[in-house]
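The values are calculated or read from the model by the stated rules, or taken from the named source; none is laboratory data. Computed from a prediction, not measured in an experiment: that's the story for all the values here. We place every Cβ from the backbone using ideal geometry, glycine too, and count neighbours over all the protein chains shown.
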Amino acid sequence: MRYFLLIFGLTILGVMLIAGKRGDISRRPPLEVFPDMDRMPKLRPQTRADFFTDGMSSRLPVAGTVARGSAWQDAPVNTGKQPGTTNWVEVIPVAVNEQLMKRGQERYTVYCLVCHGAAGDGKGITGKYGMVAMANFHDPRLVKMADGEIFNAITFGKNLMGPYGGQIPIEDRWAIIAYVRALQRSRLATLDDVPADHRDALRRAMPPPAPATNAPAARPQ
């Protein structure tokens, strides 16, 4: 029993020596058992720093950095939303031209074709490796979807699709959307969508209609 009391008393004394003196004023440096980055090296702004090749401690913002609350966040081209609202923009807020379409086709081939397929029908090569439910851009729901919502899906991802905002620049996202709309037109367009001066040539190139299958069979002779 006395050994127990001796050990107990020494334990209390040790705890008091280590923790009981915290907060006392002393001219001597404190004993830091766990510094926990209290002595972390740092650089003061506007001073010289030999660590960097230009000798400056203050660094320029990273390229593409945007200040919170700036007008950048209200521009439809950057968010896909109408300014000051949560509503999607219905139409691409950039000029659609041949250059944009070519860029969209190139970027679609790099980032989208593997899952959504060359025709945009969701039959990419990933379907052969067990990935299912790839979006079919010819689905009426996606055909009617606002361009801003598609932009948001590319940026932040949706369902099984991960976000591509970090890989695809804003301009290329809109280019991809323009190309996706072209893929949809390739299947859903009507003759009225063709310019009038090209309709006659298209009619001549179209195959003749298939014969009716409900015609009466010929009588045997």
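How many of the residues making up the range 107-149 are at positive phi and touching a residue at least 12 places away in the same chain (Cβ under 8 Å)?
4
Any chance the range 101-116 includes a residue that's in contact with a strand residue (DSSP E or B) (Cβ under 7 Å, 6 or more places away or on another chain), of a type in the set (A, V, I, L, M) and closer than 27 Å to Gly162 by Cα?
Among the residues of the range 101-116, not one is in contact with a strand residue (DSSP E or B) (Cβ under 7 Å, 6 or more places away or on another chain), of a type in the set (A, V, I, L, M) and closer than 27 Å to Gly162 by Cα, which makes the answer no.
Among (1) farther than 30 Å from Glu149 by Cα; (2) surrounded by 10 or more Cβ atoms within 10 Å (Cβ to Cβ); (3) among the aromatic types (Phe, Trp, Tyr), where does Phe34 come up short?
(2)
Run down Gly84, Gly127 and say which single residue is at pLDDT below 95 and part of a loop (DSSP other than H, G, I, E, B).
On inspection, the qualifying residue turns out to be Gly84.
Hey, any hits in the range 44-58 for a residue that's surrounded by 13 or more Cβ atoms within 10 Å (Cβ to Cβ), modelled with pLDDT of 80 or more and of a type in the set (Gly, Ala, Ser)?
Of all residues in the range 44-58, those surrounded by 13 or more Cβ atoms within 10 Å (Cβ to Cβ) come to 49, 56-57.
Those left that are additionally modelled with pLDDT of 80 or more: 49, 56-57.
Next cut, of a type in the set (Gly, Ala, Ser) only: 49, 57.
Among the residues of the range 44-58, at least one is surrounded by 13 or more Cβ atoms within 10 Å (Cβ to Cβ), modelled with pLDDT of 80 or more and of a type in the set (Gly, Ala, Ser), which makes the answer yes.
Residue under question is Pro163, and the condition is that it be touching a residue at least 40 places away in the same chain (Cβ under 8 Å) and outside any helix (DSSP H, G or I); does it hold?
Values: touching a residue at least 40 places away in the same chain (Cβ under 8 Å): no; outside any helix (DSSP H, G or I): yes.
No: the conditions fail for Pro163.
Sort out which residues of the range 130-142 are surrounded by fewer than 15 Cβ atoms within 10 Å (Cβ to Cβ) and either assigned to a helix (DSSP H, G or I) or in contact with a strand residue (DSSP E or B) (Cβ under 9 Å, 6 or more places away or on another chain) (or both), and write them in order of number.
Quick first cut of the range 130-142, residues surrounded by fewer than 15 Cβ atoms within 10 Å (Cβ to Cβ) only: 130-133, 139-141.
Those that are surrounded by fewer than 15 Cβ atoms within 10 Å (Cβ to Cβ) and either assigned to a helix (DSSP H, G or I) or in contact with a strand residue (DSSP E or B) (Cβ under 9 Å, 6 or more places away or on another chain) (or both): Pro140, Arg141.
Looking only at the range 91-105, filter to residues that are part of a helix (DSSP H, G or I) and free of Cβ contacts under 8 Å to residues at least 24 places away in the same chain; which one of those is farthest from Ile168 (Cα to Cα)?
Restricting to residues being part of a helix (DSSP H, G or I) and free of Cβ contacts under 8 Å to residues at least 24 places away in the same chain, the top hit is Glu98.
So which of Ala212, Ala201 ends up being at pLDDT below 85, hydrophobic (A, V, I, L, M, F, W, C) and either in a helix (DSSP H, G or I) or within 21 Å of the chain's Cα centre (by Cα) (or both)? Talk me through it step by step, then tell me what you get.
Details: Ala212 fails: either in a helix (DSSP H, G or I) or within 21 Å of the chain's Cα centre (by Cα) (or both).
When all the criteria are applied, what remains is Ala201.
If only one of Trp88, Trp72 is surrounded by 10 or more Cβ atoms within 10 Å (Cβ to Cβ), in contact (Cβ under 8 Å) with a residue 12 or more places away in the chain and of a type outside the set (Val, Ile, Thr), which one is it?
Matching residue, one of Trp88, Trp72: Trp88.
If you check Ile154 against the conditions, is it on the phi < 0 side of the Ramachandran plot, of a type in the set (A, V, I, L, M, F, W, C) and in contact with a Gly (Cβ under 8 Å, 6 or more places away or on another chain)? Before the answer, list the steps.
Values: on the phi < 0 side of the Ramachandran plot: yes; of a type in the set (A, V, I, L, M, F, W, C): yes; in contact with a Gly (Cβ under 8 Å, 6 or more places away or on another chain): yes.
Taking the combined requirement at face value, the residue satisfies it.
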